[in-house]
Amino acid sequence: MKAILSPVLAILALAFVPLGNHQAVAEQEAQRVSQFSGKPVPRFESLRYSAVHGRQGPSLDHPILWRYERTGLPMLVVRETHGWRRVRDPDGDEVWMQARMLSPDPTAVLMGEAVMRRKPDVDAAGVAQLKPGVIVELEACEGAYCQVKADRLSGWIERGKLWGVETDSAGL
């Protein structure tokens, strides 16, 4: 049985979570709703454009830390202000982006090689072998597999191979 933390205890608990444990952080923060967008934080969104700047802070006056050049790259929104989103990329780096640079379209990126299968089963026939870094469109997730599209291909990939998939508690 999960214990429900008060907002103050949840914030204190987050201060002691190791930085490398992104899934644990996402699960602890899953119950928060942003006053700016009315959407849950954290949540995954994707880059809307092929060139998006990640800044040190939430304004155009802050220096650019990263230039992302991958339309559809999933980003984990971890914080919001008016018109700005603090996001975490698949490598774990966090930057601020203008909210209009993000899309709610569900995507994921492969974190390792994966076989796209015809059905959500390890014994199902393979459709394609995909390389790390491929961005896929998410259709649905069932248990340990997610239905995806990549280029003109459609099939199922193991959920654990994808970064950008909502946790079970948040749903997809």
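In this structure, does GLY92 turn out to be open to solvent by less than 40 Å² (accessible area, probe 1.4 Å), within 20 Å of ALA51 (Cα to Cα) and in a loop (DSSP other than H, G, I, E, B)? Spelling it out, GLY92 is indeed open to solvent by less than 40 Å² (accessible area, probe 1.4 Å), within 20 Å of ALA51 (Cα to Cα) and in a loop (DSSP other than H, G, I, E, B).
Please work out which residue is surrounded by the most Cβ atoms within 10 Å (Cβ to Cβ), limiting yourself to the stretch 125-137 and to residues that are among the hydrophobic types (A, V, I, L, M, F, W, C) and either farther than 11 Å from ILE157 by Cα or in contact with a Ser or Thr (Cβ under 9 Å, 6 or more places away or on another chain) (or both). Before you say what the answer is, go through the steps one by one.
Within the stretch 125-137, the subset among the hydrophobic types (A, V, I, L, M, F, W, C) is 125, 127-128, 130, 134-136.
If we keep only those that are either farther than 11 Å from ILE157 by Cα or in contact with a Ser or Thr (Cβ under 9 Å, 6 or more places away or on another chain) (or both) as well, we get 125, 127, 134-136.
Working: ALA125: 10, VAL127: 16, VAL134: 17, ILE135: 19, VAL136: 27.
Among residues in the stretch 125-137 that are among the hydrophobic types (A, V, I, L, M, F, W, C) and either farther than 11 Å from ILE157 by Cα or in contact with a Ser or Thr (Cβ under 9 Å, 6 or more places away or on another chain) (or both), the one surrounded by the most Cβ atoms within 10 Å (Cβ to Cβ) is VAL136.
Inside the stretch 100-122, residues that are touching a Lys or Arg at 6+ places or on another chain (Cβ under 7 Å) and surrounded by fewer than 19 Cβ atoms within 10 Å (Cβ to Cβ) make up a count of 4.
Taken as a whole, the condition of being in contact (Cβ under 8 Å) with a residue 12 or more places away in the chain and under 30 Å from VAL33 (Cα atoms) does not apply to LEU153. Each residue in the stretch 62-89 was checked for being part of a strand (DSSP E or B), among the β-branched types (Val, Ile, Thr) and touching a residue at least 12 places away in the same chain (Cβ under 8 Å), and 4 of them qualify. In this structure, does MET97 turn out to be of a type outside the set (D, E, K, R), farther than 27 Å from GLY54 by Cβ and buried (at least 21 other Cβ atoms within 10 Å of the Cβ)? For MET97, the condition - of a type outside the set (D, E, K, R), farther than 27 Å from GLY54 by Cβ and buried (at least 21 other Cβ atoms within 10 Å of the Cβ) - is not met.
On the given criteria, is GLU158 over 24 Å from ALA51 (Cβ atoms) and open to solvent by 70 Å² or more (accessible area, probe 1.4 Å)?
Answer is yes for this residue.
What single numbered condition from (1) farther than 25 Å from LYS131 by Cα; (2) at pLDDT 95 or above; (3) part of a loop (DSSP other than H, G, I, E, B) fails to hold for ASP105? Here ASP105 clears every test but (1).
The set of residues in the stretch 42-61 being in a loop (DSSP other than H, G, I, E, B) and either modelled with pLDDT under 95 or open to solvent by 70 Å² or more (accessible area, probe 1.4 Å) (or both) consists of ARG48, TYR49, SER50, GLN56, LEU60, ASP61. Looking across the stretch 72-102, the residues that are touching a strand residue (DSSP E or B) at 6+ places or on another chain (Cβ under 9 Å), under 27 Å from LYS131 (Cβ atoms) and of a type outside the set (A, V, I, L, M, F, W, C) come down to GLY72, PRO74, ARG88, ASP89, PRO90, ASP93, GLU94.
The values are calculated or read from the model by the stated rules, or taken from the named source; none is laboratory data. Note that the structure is predicted; figures quoted are calculated from it, not measured. Neighbour counts run over all protein chains shown; Cβ positions are idealised from the backbone, glycine included. Just so you know, the surface numbers come from the protein's heavy atoms only, side chains and all, with ligands and any DNA or RNA stripped out. Shrake-Rupley method; radii C 1.70, N 1.55, O 1.52, S 1.80 Å.
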